[in-house]
Every structure is written in structure tokens, then in C-alpha cells.
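S.K.: Mind looking over this structure? Questions follow.
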Amino acid sequence: MLKIRLKLIFGLVLIAFSVINGFAQGTTGQISGIVSDSTGAVVQGAEVKLTSLDTGLLRQTVTNADGGYSFQLLPPGRYRVEILAEGFQTYRTEVIVNITQTTTLNVELSPAGITNYLVVVEAPIVQTETSQNGRVVTGETLKQLPLPTRNFQQLLTLSPGAQNSLSNSTELGRGDTTISVNGQRTTSNSVRINGIDANSIGTNSTPNIAVPATDSLQEFIVQTSLYDASSGRNSGGNVEAITKSGTNEYRGNVYYFLRDESLNANDPFLKAASIKRPVLNRSQFGGTLGGRIVRDRAFFFVSYQGTREKNGASLLNSLTFPVIPTGLTDTNRTPTGLAATFGLNPALISPVAVAILNAKLPNGQFAIPSSQIPNRSASLLGLTQPQSGISKFRENQANINGDFNFTSKHSLSAKFFIADNPTFQANYNFAGLGNGINQLIGFGGDLTIKQKLYSITDNYIVSPNIVNQLRFGFSRIRVTSVPEEPFTASQFGMTTPFSSLYPGAPTLAFNGSDALFSFGSSPLADQSSRINAYTIADTLSWNVGNHRLRFGTEYRFSQVKFYFNAFTRGQIIFTDTVTIVGGTPVVTTAFQNFLQGIGTSLQGSGVFDRYFKVKDFNFFIQDDWKVTKRLTLNLGLRYDLFGLPSENEGRLVNFLPSQLRVGTTTSPAAPPNGFVQAEGGKLAGVPTVEKTLVPVDKNNFAPRIGFAYRIWGDDKLVLRGGYGIYYDRFSTRYANTQLFNFPYFALGVGLVNSLVAQPNPIFRNLSNPFIPLPPPSQFPVAATIPSPLSAIVPVVGVPIAGIFVDPDLQTPYVQQYSIGIQGRLFRDFVFDVSYVGNRGTHLLQVITLNQPVYNPATNTFTPPLAPSSILSANKNITGGMQQVQTTSISSYNSLQMSLSRRFANGLQFLAAYTVGRSIDYYSGSAVNELTNIPGDQFNWRTNRGPSDFNRKHRLVISGVYDLPSLVSKSNPAKWLLNDWQLAGIAVFQTGLPFSIVDSNGTTIIQRANFNPNFTGGQIQGSGPTSRRLNQYFNTSAFVTSRFGTATFDPNNPFGNTPRNFLFGPGQKNVDLSFIKFFPIGERLRAEFRAEFFNIFNWVNYANPGNLIGTPTFGRITSASTGPRVVQLAFKLGF
């Protein structure tokens, strides 16, 4: 209803300001204030001059009838303010401006006399004229605080309301951070650099976006809530960063950072497995230089950073924790030896399995390692055995910036960032598409990663009260990955359909009670993507009386080009199976099934490339209205039109269940049968719809209102609050996954049973495990139901699958609200106590359309649309009949407190505490909006619980302290004892929630059941985590929920345990930098740093295994962050 009521308002606004272009204030700040005399009367007509101390640029205005003045769209930096009025002293002072913030300078003029000069007025730490929540991090703080990989993203969570896992001291390369802000998803944040959209529209996640070196950044801010109408795109955190510009002074530095594993502690789980400290060598070097080309007219800034790294300690890309079946040794890898160890008939051992077990990597080691337990026993079927692979990272990045003052009214800024980051990941994990923590080493991936970010900004002062800013931008993210494939399928005696195109060996996934690992590369590792984004925008700010107005619009055009050779090598899944023998269930383990050649195969073929185009448009009006000297209102209205992707050749397909017609294999139902295609598509007979497949939601109006009321003094105590609607642009991920949609793609599911004589119409053997699908050149196939490929495999068929779109897709939005007080303690201390909450509506989620429905009367499961041999009933994201909807909801409530001190007398710090709770039904994943929720994937309201990223308590303390001098400047010992600095970050937070899951990864993805016979008392467990590694929670409290078992619950056919009702271990960490300065003359200073990450070597444990029936169930097998790591550095600045 709110949207409908706003239509008329928006129409009037659009007509009134259609000729005005505008962008956000994101990369600029402002100065405002009131000029009065000693009696408190306002001074009208006073001349106010503002001069940049960095570039000499001059701005002028005069005070209005209320004595007010304002300068908007100011580049961050230092300024001199002069105020002249007849009959009064000339007032002079210096002020500092930060991005997105208002520096308030209220001036009381004295009677005419001697010119007055005051001290520097810092950028405000009490926000007296805005309701937004957020915090600026300046360049000095950026350079001094310890950062594990020197990535500014690792400082995004210093403020209340922002959270993530601890920054990992051993992470590979840039160590990109995924953050959640105020209960929002990790894919709901927006990052802009130099005013340009730096996001990846393909994923909406922070990994692989542009990350300028910390020494090249001037400052950045994370706006966590209630940011004004000039900011949008997403509903979570709004990150604004700017790189440095040159000034009239020549300034620069050179630096070198070094890591070596000999200085580090070892991972506790590696140490327990008698594995020595893995390789961790890292060199990072670079420099910056900026200054004038022509004084007050032209300036330059350049920077370079290089990184060279070998890393065997990365928890994400180098360390893996596979579960290897006990009893497997170097000497029993023959049919006879394997049969004796694993209780099988030697004649039934598959020769393909024997060949795989005897395969060796180039280093001479078995690809499937031997167990550390040589004897197999019923009490210990599998053992976690950590592995370390060497990942490599190489970086070259540069900034080239130029700033030009053509006249006192006209200036231009051009900033260009480029980066090249070739990477080898021993455990491939690009965009979360790897095989996970149980991957065997030897099957990584080479990635070519490149980023570009260009911005050109033109500023023009129309009049003292009207300023215009025109901006053009371009960004590119390009990633190509090639899987590491040490073996071919033919080496093992396997025949695959496309061996001439993709000769690599298939992926083997073990998911059972004695084996939990992946052999082979990720089925999604062979890919390339290129994302281009073009931006044009312009800002108009207008000071009218007590109103500071801004109007704006922005147009973005994005291109997403990619290919994924998905499942082209094939995948075979081995799980436990249960058979009833004489009324008794007998379990055959996953590894036993592998040895006998029994599993499920997946083979993909289709059209593997897409080219999407997306057009976005927004418009806003923002009025910061100074109602009285004490009260400021922030009033705004924003409109966002988030275009949906259109494909260059119309290769978008949707499925409408209401129009479904099903035929038979011999007489399939031709279109129209439920399938539709985008305009421009070439599928014969298939009805066409919009180019974007579903209508674009054009009704996204977002009013915002905030206030700041000075309760006491100018900045001693302020009451702030507000309400706003924030729309959330989702990525093109839902369209990217059209790659898996019938009829452009088919995923052939084969039943592999080498014990059955061949040929067989149903079962295949391990030497020829895959459905013989047509090659990619023969796709798309006819869009009939059943698929025309079903005849290839009688009985089983080739089920139709895909990730389709709800025709009623709408733009997600979040209602944000907060109220709190902010005040100044003493001179430089500020406290903030606020309630912050929000409610999400129309949030993205995935449901399974053909999830079987349980009928208690007949005690049967039946797919609701069609048999699973026709329409897949799988629940995994790439193998079933999935539908992307915007029907989910969320809520967040929190108390947020902070105490900060800006740099004074050698000390600066920030303490931020958040206690909050985020509730939802679907959280997505850290880098992917589309994922599976274990449980009922159709009746989604049964999945209510704490958000996957919810941490109830979080305390972060950061600061920089200049230690006092111990001797006088004349004492020679000053070189050793004086000029020391200490900087650090400490984080303490509670753990993440998790569910108890019962899954085979395809047809069964649900939650487990409570054990009706459980009498063990407490489930969660208590005591130190280190004493509960083998049973973090009481595993006997849970049983399988699968149909056909004695513990199946007909009242809860997808499990009766709640979602995310257990919580993992908390985290704590302290990073410290010890810094020694060596002044060399007036302009030259050397700096030596020793940085200690996780200085106390605290072990932060990962969540326990939550998959029932696996050897890691209830056990913690790895850490969530690295051990103590030491980094040494030298910097020379001038």
C-alpha cells in the first residue's frame, strides 16, 4: 500500500526535477553552521570563504537571514575558513571534512579589532545534523591498525551492527571479507570506490572486487543504517571509499612487508596430526607518490603494490580435512587386500576402483591417502586426516590519479585503478563453487583475476549556493579458472561421453559413515566470467535558506559474460546404503560401495555460455532541513529501478507450474506445456514472454526520514533517530544459473551398479558410469515433457531440471528504524547508545517445486507435479525443479553501544558492542544468494530460526597509542627508547547457529529428528570447547528422519528438529602492532613494524559436523581462524 500511495508523489517529483541529474554525496562531505554575535543574534550577510589547504581551491558564500551557511560536495581534506562581517573581527580557523559527514562550525564573532585565529576544528565525532549510523576510518588509522592481509575490508566491522567471522591470519591473497550489517545478508552490501559502483552484479559478494592498497586510500566509511536518500542499491552496509589525490606538497612512501612460516605457530589440528607448520611465505611491497604538477592547478597521485605468496596454511584454499576410511594402507590396494580389509568378495572389487586407489600425484603420493589407523573396526570406520596443499598468489596493482583546477569554479578529477591477481588455489573455492573442506589435495584450480575501476568527476560551482558534480565510471571484474587435473578418465579404465573435449577424470564424492571426501576437481571449476559496469551520474546541490537540497539520478549499464563447462567430466556420488536381510537392516558403507562400483553418476551437457545485460536507474531528492538551531530533519525520497537481466540471444527459460502438460516417453507433450522463453529465444513452439523473462518491478519508492535534536549544548548530547525504506538489488545469480535449465542443459542421472551384468537398461558400471548425453553442440533439445532424452535411459529417464523464476518476482526491501543518544564525554570522548532494528520483506529464496509430498493416509511420498523420472524431485540447487522467489521475510532487533576517542594526546580508540538477534527463514550463503535450506523446501515457513550469520554478542576494541618518550630529545638513547607506537584490534563474539542435517546431497536435504528415546539431559553440552572436540553436542539426542526408517516422523516428514537451534563455539582474537619510528630530518621518517596476528595464539574452533550418519557428526575437526602469525615490515615516508 505504501508503494501505491507514493506513486503520485514520485510522479510530481519526477516532473519537477527531470531536468536535474544527481548522484550521491558518497565521496564528499560538507560544512555548515550559524554565524552569530556575542549576544546570540544571528549575523546576516557575512562573507564566508573556504580554501582547501591541499589544493588551494576557493569557495565562497554569504550567510542567510538566519545566519546560516553551508558548503556541500566538498572533497575530504583540510580547509581554512574565513568569516568577514562589517563591524566584527575577521574569524579564521581550520576544519577537517570527512566523506558523507557534516562538519558543523558555529561561529560567534567578536567586535572589530585584531584578527582572530583559532585552533583546528576536527571533523565531528558527535553527529548533530544527521540520523545515519556509520563511522569514518581515515587513512592514518588504515595504515596503522594491523590487518592480516592489508585489505581495508577487514576494518569494515569495527562499528556496532557490523559483523563477520574473525579475519583469518593465514588467508591466501587479499583475504576478502564477507560482512553482515544489522541482520542483513552478506550479499546485501554495496561498495563504491571513488563514487563508482565497485560491486559484482554477478554475485553481490565482496570477494574479487577491486581492493586498492591501504596506503593508497584516503579514507572510507561504513554506513550501517539510516543513510540518506542519496545512497542506495542495497539494504545492508553502504561502503564508500576514496583513494588519495595529490596536493601542493610532495608526499609519498615505500614499504615492504614480510611473512615466513618459521615465525608462526602451527594449526592445532595439524599439530595433533603430527604435520609440521605449513609453508606461509609472503612478500608485499610498494609505494606511493603524490604532489603538484602546477601549484594550485594540477596534481597527481600514483601508487603500486606487489604481492608474492606461497601459502599452505589457508583454511579456505590450502588446508582440507577429508575423512579417510580406516584400514586403507599403502600395501592393501589390491582386490585381495581390499576385500580382506573391508569385508567384501575379492571377485566383486571393481578394477576401476583399484586403479583409482593406486593413482599417484606428481609428487609420488597416493591421491587417496592411506589411513593413519591401519586396522578397521566397527567403532571407528573413518578418521579425519588434515592435508596441506601449496596455494600461490601474485598481485600487481596500481592507482593513477589526476586532479585539475581549471578555474575557481571548475575542477576535474580522474582516478584509475588496475589490478592483476593470478592465483592457484590448492583447494578450489571461487565464489563458493568448490568441493569444500573435505576436498583431497591435488585437485585445485588456476585462476586469472583482473580488476579495473575508472572514475572521472567534473565539479562546477554555478553560484555560491549551487554546485554541480558530473561523474562517469567504469569497472570490470574478470575471473577465469582452469581445474587442476592430474588424471584422465581413461587412465582408470573409464569411458566418459565427452572425453575428446574434456579428458579429465570425473569427480568422486564420498558421503558416508566411513568416508567423507572428494577426489577430482570441482564440477564447476572450468569457467570464465567478465563483468563490466558503466556509470553516468551528476550531482546538483542547492542551499535554499535553512534547506540543504540535493537531487540526483544515476544510470548503470552492466554486462555479464561467462561460460561454465558444468559437470562435463561427470561426477559419481558414493553414499551408505541400507538393505534389509532377514528383517535386519544391513549397512553398506560409502567406501564399500565404491569398491564394488555402486553409486550415482551425474553427467552434464548443454549450452554453457551466456551474455546478460542489465540496466539500472535511480532518482532521489534529499533535504537536510535545519528547522531550528537544535533540530535538523533529514527528509528524502528515493526511487530505484533495478532492471532484470536480458540475455543477448534470448536464452532464458521459465517454467510455469499452472500451465504444466505432461506426456509420455513415446508421446511427449509439446509446447505449450508449461515452458516459456524470453523474447528473442529460438526454441521451436515455446511461447515467448518479456526479454527479462518476468516483469521488472517498477514500483520501488523509498521514503526516508531522520532527525537529530541537540538536547544539551552544541554537541554534548544529541537525540537521533529515524525510519526508512531501503530496496535491495539482488545479483544476476538467479539468471546465471539458467545455465542448468532444460532444454539448454541436461544433467543425466545414472544408477551405477557394477554387480549387475551389462548391458542393462537401468544400471551402469563403473567403467562406463555416465548417461550418453548428446554433445553440447546438439543443445538445446526440443522442449517436450518428458525430455526427448528420456528414451536414452528407460525407467530412470533424464529428468527435467532447472532453476526457474517466480512470475511475481518483486524487489526485496527492508524497513530500517533506530533511535538513540550520542554525546560527548570530556573533550575527545563520544558515547553512542542506540536501538537499531529492521524488517525485511520480499526477500529472495529458493523453493523446490517438485518436492515429494507426504500422504499419511497411504504412508507414501508423491511428487506434486510429475514423477521424478520426468520432472526431477531432487532438492539440490543444480539438480531439481527449483524456483527463485521473493517471498521470504526477516527481522532484526539490537542494542548497539560505542565509546570512541579521536586522536588526542597520542591516543585514539573505539569500543563497539552489539547485542542483537536476526530471525529469518532463509539466509542464502556467504557468497551466494541461492542455496539449499535443509528441511521442507516448499512450505518454507517451517524453516524459521536464527539467521545463519547471527552472532548474538559482539565486542570490538580498536585503537592506536603513541607511547610516551622515555628520554629527552638530546639523549642518544632516544633512537631506541622514544617514538614507539602500539596499535591493535581485539574481537570477542559468540558463535554461529547451526541445524542438525540429514542429507544425501540430492534427493534428501532435510533436518534430523530428535531421538524419542533420548534421556541424556542437556543437548548443547557445556564446559570448555577444547574438552568437547569429539562430542560438542550430545549426538545420541538425534536420529535420522528419512522415510522408511523406524525413526521417521509422519507429522514432520522433513525432520522435527528446528532450524539453527544449536550454536557453535565463540571466537576471540587480539592483533597487535609494535611500531618504531625513526625521524630523519623534518620531512623523512622511517618506520619498523612487528605485527602479531592472534598474538595469544587462541584456538578458535569451527562449528562441529552437523550431518548425521557421517564420521564427523558432533565433532570439531578444524579451526575457524589461523594460529599466531608474525609479520615484519619497514616503511619510509616523506
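Readers should treat all values here as calculations from the given coordinates under stated rules, not as data from a laboratory. All values reported here derive from a predicted model rather than from experimental measurement. Here the Cβ positions follow ideal geometry from the backbone for every residue, glycine too, while neighbour counts run over all protein chains shown.
S.K.: Mind checking which lysines have their Cα closer than 26 Å to the Cα of LYS244? Skip sequence neighbours fewer than 8 apart in that chain.
M.R.: Partners found: LYS49, LYS143, LYS409, LYS415, LYS450, LYS452, LYS1076, LYS1131.
S.K.: While we're here: What list do you get for LEU739, LEU825 if you sort them by fewest beta carbons within 10 Å? Could the numbers behind the result be given before it?
M.R.: Numbers: LEU739 25, LEU825 12.
If I rank by nearby Cβ atoms, fewest first, I get LEU825, LEU739.
S.K.: I need the peptides 331-342, 868-879 ranked by packing, meaning the mean over residues of other C-beta atoms within 10 angstrom, with the highest value on top. Intermediate results must be reported in sequence, preceding the final value.
M.R.: Values: 331-342: 16.6, 868-879: 23.8.
The densest-packed peptide leads the list: 868-879, 331-342.
S.K.: Tell me what the chain gives for mean residue ellipticity at 222 nm when only DSSP H runs of n ≥ 4 count, each as -39,500 (n - 2.57), the sum divided by the residue total, rounded to 500 deg cm²/dmol.
M.R.: On the way: 8 runs with 57 residues, N = 1134.
After summing the helix terms and dividing by the residues of the chain, the value is -1500 deg cm²/dmol.
S.K.: Mind checking the full-extension length gain between GLU249 and SER1036? Use 0.36 nm per residue of separation minus the Cα-Cα distance, one decimal, nm.
M.R.: Working: separation 787, 0.36 × 787 = 283.32 nm, distance 6.98 nm.
Contour length minus Cα-Cα distance gives 276.3 nm.
S.K.: Work out, step by step, the length gained on full extension between ALA757 and ALA65: first 0.36 nm times the residue separation, then minus their alpha carbon distance; give nm to one decimal.
M.R.: Values: separation 692, 0.36 × 692 = 249.12 nm, distance 9.63 nm.
Using 0.36 nm per residue and subtracting the Cα-Cα distance, I get 239.5 nm.
S.K.: Next up: Can you list the HN-Hα couplings for the stretch 572-581, worked out from phi with the Karplus curve (6.51, -1.76, 1.60; θ = phi - 60°), rounded to whole Hz and with x for Gly and Pro?
M.R.: In residue order, the calculated couplings are 10, 10, 10, 10, 5, 10, 10, 10, 9, 10 Hz.
S.K.: May I ask you to order 812-820, 1093-1101 by the average number of other C-beta atoms within 10 Å around their residues, highest value first?
M.R.: Working: 812-820: 21.6, 1093-1101: 19.7.
The most tightly packed comes first, giving 812-820, 1093-1101.
S.K.: Please list, or write none, the lysines whose alpha carbon is within less than 20 Å of the alpha carbon of LYS698, excluding same-chain residues fewer than 8 places away.
M.R.: By straight Cα distance, LYS698 reaches LYS3, LYS7, LYS613, LYS615.
S.K.: Further, regarding this structure: With each pseudo-label sitting 7 Å past Cα toward Cβ, what's the TRP712-PHE617 distance in nm, one decimal?
M.R.: 5.1
S.K.: If the chain between LEU412 and LEU963 were fully stretched, how many nm would it gain, using 0.36 nm times the residue separation less the Cα-Cα distance?
M.R.: In short, 194.2 nm is gained.
S.K.: Continuing with the same structure: Quick one: 3J(HN,Hα) in Hz for the stretch 453-463, Karplus 6.51/-1.76/1.60 with θ = phi - 60°, rounded, Gly and Pro as x.
M.R.: 8, 10, 9, 10, 10, 10, 10, 9, 8, 6, 7
S.K.: Right, something else. Quick one: helix 2-17 against the long Cα principal axis of the chain, what's the angle to the nearest 10°, folded into 0 to 90?
M.R.: Computed tilt is about 50 degrees.
S.K.: Here is a follow-up. Which FRET efficiency, nearest 0.05, do ASN648 and SER499 yield, Cβ-Cβ r, R0 30 Å?
M.R.: Numbers: r = 31 Å, r/R0 = 1.03.
The value I calculate is 0.45.
S.K.: OK, next. Given a Förster distance of 25 Å, report the FRET efficiency between ARG1027 and ARG917 from their Cβ-Cβ distance, rounded to the nearest 0.05. Mind dumping the intermediate values first?
M.R.: Details: r = 28 Å, r/R0 = 1.13.
That gives a FRET efficiency of 0.30.
S.K.: Sticking with this one: Distance between Cα centroids, the stretch 1046-1119 to the stretch 469-495: provide it in whole Å.
M.R.: Centre-to-centre distance over Cα atoms comes out at 29 Å.
S.K.: Fewest to most neighbouring Cβ within 10 Å: what's the order for LYS969, LYS974, LYS244?
M.R.: On the way: LYS969 8, LYS974 15, LYS244 22.
Going from sparsest to densest Cβ surroundings: LYS969, LYS974, LYS244.
S.K.: Sorted from fewest to most neighbouring beta carbons within 10 Å, what does the list PHE1010, PHE831 look like?
M.R.: Values: PHE1010 19, PHE831 16.
Least crowded to most crowded, the residues run PHE831, PHE1010.
S.K.: Let me ask something else about it. Show which lysines lie in cross-link reach of LYS952 when reach means a straight Cα distance below 24 angstrom and same-chain residues fewer than eight apart are skipped.
M.R.: List returned: LYS1068.
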